[in-house]
Amino acid sequence: MELIEHADALAPLSGGVLVPTMGALHAGHVALISAAVATGVRPVVVSIFVNPTQFAPGEDYERYPRTLQSDLAAAEAAGADAVFVPDVDDIYPAALPVPVPPLPAVATEPGLEDACRPGHFAGVTQVVARLFDLAGPIRAVFGEKDYQQLRVIEAMARAHPRRWQDLQIVPVPTVRADDGLALSSRNRYLDPPERDRALGVIRALRAAAETHPPELAESVMLAALRTHDLDVDYAVVRDASTLRPVTGSARPTRGLVAARVGSVRLIDNIARSVHT
Ligand code: PAF
């Protein structure tokens, strides 16, 4: 496996599969890399970059876990051909301001991430656009765990068919611990009682998956989250594609939750059964 530390060394690897990550790789990331390998497209390039522009002041940019040596071993074991580990100057050269692409509507849908983390998706689209430009992939892999992010990146790629020709976004289902908690690099900050409370998120979502109509599912989620003493940012049912509030019963819907326990913000989501 090749270790690439500078952007200009990426050009020969274009036409492959990109797996953007912020490192601290766990089984969820391994599933992303395995999905990249399963596309049959080579090379598989994993990027590891803790992107400062998607963190607001006071968020956990400084303390975000950085575990490069074990990340390299995990990426290689999962079948990556190369790992791109740029530094901040490489991604954001002082002499070349990296533009923020226009945000797709799905990024600013009221009541979701943008309401809680304004500016977050501007940072995500900025770095992902830069990574797409540098790596020139024809496939890029993103997890459903960050469901709104997945929809934002899909919309961004669709909006620029000439800039990223033939690029297809490959979604990968969320990987969960045996008890249902969605894997996240930040779970390591949960102490045992907080981890128990965190299970309220998947319990709320599983209840919502089978509850109709959406308003009832939302109150069921809120009740479950409050039972686990979680601070709720949102617990909503939305159209699975547009993330707009649900107006009819014909289209697929998704339950989406963001809640805080101690210093950790948990986000998760679930596909809901179709109500006929
Ligand atoms: O999902 C993440 O880890 C990050 O938001 C991403 C897509 C790597 C951009 O920094």
Among DSSP beta bridges whose residues both lie in the chain, state the antiparallel percentage, nearest 5. 50
Solvent-accessible area, 1.4 Å probe, carbon plus sulfur percent, for the chain: 54
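Decide, for segment 116-249, between rounded, prolate and oblate: order the square roots of the alpha carbon gyration tensor eigenvalues as a ≥ b ≥ c, take rounded if a/c falls under 1.5, and otherwise choose prolate if a/b is larger than b/c, else oblate. Write out the running numbers ahead of the final one.
Values: a/c = 2.37, a/b = 1.60, b/c = 1.48.
Since a/c reaches 1.5 and a/b is larger than b/c, the shape of segment 116-249 is classed as prolate.
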Solvent exposure, largest accessible area first (probe 1.4 Å, DNA, RNA and ligands not counted), of Ile169, Ile91: Ile169, Ile91
Could you state the accessible area per residue of segment 3-123 in Å², with a 1.4 Å probe and every protein chain left in place? 44
Add +1 for every Lys or Arg and -1 for every Asp or Glu among the other residues with Cβ under 11 Å from the Cβ of Pro101, and state the total. +1
Label zone at Ala207, where the point sits 7 Å out along the Cα-to-Cβ direction: segment 219-257 residues whose backbone N lies under 19 Å: 219-238, 254-257
Any idea of Asp166's accessible area? Nearest 10 Å², probe 1.4 Å. 120
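Counting only heavy atoms of protein chains, what accessible area per residue, in Å², does segment 170-276 have with a probe of 1.4 Å? Write out the running numbers ahead of the final one.
Numbers: 5180 Å² over 107 residues.
Here the residues of segment 170-276 average 48 Å² of exposed surface.
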Could you check the spin-label model distance between Asp89 and Arg66? Points 7 Å from the Cα along Cα→Cβ, value in nm. 1.5
10 Å Cβ shell holding at most 14 others, DSSP loop, trypsin sites (Lys or Arg not before Pro): longest site-free stretch of the chain: 164-276
Angle between the Cα long axis of helix 147-159 and the longest principal axis of the chain, 0 to 90 degrees, nearest 10? 50
Once the Cα atoms of helix 27-38 and of the chain are each reduced to a long axis, what angle between those two axes, in degrees from 0 to 90 to the nearest 10, is obtained? 60
In nm, the gap between the two label points placed 7 Å beyond Cα toward Cβ at Asp229 and Ala27 is 2.8
For segment 178-276, what does the relative contact order come out to in percent, with C-alpha contacts under 8 Å and a separation of six or more? 27
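With +1 assigned to the C-beta of every Lys and Arg and -1 to the C-beta of every Asp and Glu, and no other charges, what is the dipole magnitude of the chain about the Cα centre in debye, to the nearest 20?
Working: 26 positive and 33 negative charges, 154 e Å.
It works out to roughly 740 debye.
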Longest principal axis of the chain (C-alpha) makes with the long axis of helix 214-227 (C-alpha) an angle, in degrees to the nearest 10, of 90
Rounded to whole Å, give me the distance from the Cα center of segment 192-254 to that of segment 1-53. 32
Please list, short to long, the whole-number percent of alpha-carbon pairs of the chain in consecutive 5 angstrom bins beginning at zero. 1, 6, 12, 16, 19, 17, 13, 9, 5, 2, 0, 0
Total charge of the residues flanking Gly111 in space, meaning their Cβ is under 12 Å from its Cβ, with Lys and Arg +1 and Asp and Glu -1, is -3
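Does segment 174-276 come out rounded, prolate or oblate by the C-alpha gyration tensor, with a ≥ b ≥ c the root eigenvalues, rounded set by a/c under 1.5 and, if not, prolate when a/b is larger than b/c and oblate if not? Before the final figure, lay out each step's value.
Numbers: a/c = 2.18, a/b = 1.90, b/c = 1.15.
Cα axes put segment 174-276 in the prolate bin.
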Unit charges at the beta carbon, dipole of the chain: most positive-side option, Val45, Val232, Ala209: Ala209
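Using the Cα gyration tensor of segment 1-135, with a ≥ b ≥ c the square roots of its eigenvalues, what is the shape: rounded (a/c below 1.5), prolate (a/b larger than b/c) or oblate (neither)? Before the final figure, lay out each step's value.
Working: a/c = 1.58, a/b = 1.45, b/c = 1.09.
Prolate, because a/c is 1.5 or more and a/b exceeds b/c.
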Met1 accessible area, 1.4 Å probe, all protein chains in place, Å² to nearest 10: 90
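If exposed GluC sites (Glu not before Pro) are those in a DSSP loop with at most 15 other Cβ within 10 Å, what is the longest stretch of the chain that has none? Display every interim value, and only then the final one.
Values: sites that count: Glu5, Glu59, Glu62, Glu210.
Result for the longest clean stretch: 63-209.
The values are calculated or read from the model by the stated rules, or taken from the named source; none is laboratory data. Predicted, not measured: the structure shown is a model, and the values here were computed from it. Glycine also receives a Cβ, built like all others from the backbone with ideal geometry; neighbour counts cover every protein chain displayed. Surface areas here come from the heavy atoms of the whole protein model, side chains and all, with no ligands, DNA or RNA. Shrake-Rupley method; radii C 1.70, N 1.55, O 1.52, S 1.80 Å.
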